[in-house]
1. Of all residues in segment 9-32, count the ones that are closer than 20 Å to Phe126 by Cβ and assigned to a loop (DSSP other than H, G, I, E, B).
2. For a quick check of your reading of the model, give me the residue pairs whose first member lies in segment 71-95 and is under 17 Å from Phe128 (Cβ atoms), whose second is among the hydroxyl-bearing types (Ser, Thr, Tyr), with beta-carbon atoms closer than 7 Å and at least 6 apart or on different chains.
3. Is it the case, given these coordinates, that Tyr141 is loosely packed, with under 13 Cβ neighbours inside 10 Å, in a strand (DSSP E or B) and of a type in the set (Ser, Thr, Tyr)?
4. How do the pairs read when you match residues in segment 41-52 that are under 13 Å from Glu23 (Cα atoms) with residues anywhere that are at pLDDT 95 or above and basic (Lys, Arg), using Cβ under 9 Å and keeping only pairs 6 or more apart or on different chains?
5. If we scan segment 204-214, do we find a residue that is part of a helix (DSSP H, G or I) and within 26 Å of Tyr95 (Cα to Cα)?
6. Just one of Lys186, Lys228, Lys180 is part of a helix (DSSP H, G or I) and modelled with pLDDT under 95; which is it?
7. Could you please tell me which pairs satisfy a Cβ distance under 7 Å, a separation of 6+ or placement on different chains, a first residue in segment 146-167 that is more than 30 Å from Phe11 (Cβ to Cβ), and a second residue that is at pLDDT 95 or above and among the aromatic types (Phe, Trp, Tyr)?
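The values are calculated or read from the model by the stated rules, or taken from the named source; none is laboratory data. Because the structure is a prediction, the values reported are computed rather than measured. Note that each Cβ is placed from the backbone with ideal geometry, even for glycine, and that neighbours are counted across all protein chains shown.
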Amino acid sequence: MEFQERYVNLFTDFGFKKIFGTEMNKALMMDFLNVLFTDLETITEITYLKNEHSGYSELDRKAVFDLYCENDKGEKFIVEVQRVKQKFFKDRSLYYATYAIQEQAVRGKDWKYELKGVYTVGVMDFMFDERPENKEKLAHYVQLMDKETCEIFYDKLTFLYLEVPKFDKTEAELETNFDKWLFILKNLHRLDKIPIGLQNKIFEHLFEQAEIAKFNKKERLAYESSLKEYRDFASAIETAKEEARIEARKEGRAEGLAEGLAEGRAEGRAEGRAEGLAKGLAEGLVEGKKEVTENLIRLGIEHEVISQSTGLSKAQIEKIRSEMTD
């Protein structure tokens, strides 16, 4: 496969983990975290931890982080890429953070429940806060707070969500290191050289590691697979949204047609034809949604996303999935 881009897309699983999740590139991860969490002491060392965590019983669900590491003070950092909006993605962030909290328990000793900080970073390829008043707010820092006084109640649990698509500064407008990192996250795969404003030691290393032509055969194949998955996923979501828009327009026309026929026919035969036409149109809409749903299930899209895209309930989606396996 010949790649059109010179550098990797950081929203692919391979690209993100190669740049931020390897021992060779841990300096990139440390610089990124230091830019995001300026209120912490400067991170000078990190250790990568296993990213798959089993529950505490056989019935518990596993948690698989994109990247998981700790600094030399024992503070935990979960860094995840979110490629599509999910209905319960905030809940998922909280659920994953509990693993980093509970694993700190010291068993068999007189442990007093003292915890190290846990920081979860969600690097999002979508916008989850589209309210007009927050159209320029792309970094959301979340902590437990006293509702009445608005004072921080607990500062050892922090969630940071980055809405990367909202970042719209050009190369010439980059001022802070935060600007530069957001620019790279959004635009790295669109660049053909290192911008002048990014020509320093840390970013030069990043561009060197991100250059596809320097990958070995195994890395190129892995990136090709990851890029195809990313593009297929994006295409499936866009197709589902377009199908939903088309179906909504058809449904509106069908309802209008059925209503017009029903009101315009006084005779029972005419009313029967109107009802039959409306029923046929409705069945066609359901069949169209079923086909889209089946395609998304084959691509491994989560049921919450399918539900948002098609308007079908989770029970309806599960029924379609069961019929596919029969």
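1. Residues that pass the stated criteria total 4.
2. Ser93/Thr120
3. Criteria met by Tyr141.
4. Hits for this filter: Glu45/Lys26; Ile46/Lys26; Thr47/Lys26; Tyr48/Lys26; Leu49/Lys76.
5. no
6. Lys228
7. That search, which allows pairs on different chains as well, returns Asp146/Phe153.
Results for (1) part of a loop (DSSP other than H, G, I, E, B); (2) more than 14 Å from Phe159 (Cα to Cα); (3) in the same structural domain as Trp181 (by TED's automatic domain parsing); (4) within 22 Å of the chain's Cα centre (by Cα), shown as yes or no for each residue.
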| position | (1), (2), (3), (4) |
| --- | --- |
| Thr47 | no, yes, yes, no |
| Gln86 | yes, yes, yes, yes |
| Ala97 | no, no, yes, yes |
| Ala100 | no, no, yes, yes |
| Ala105 | yes, yes, yes, no |
| Lys109 | yes, yes, yes, no |
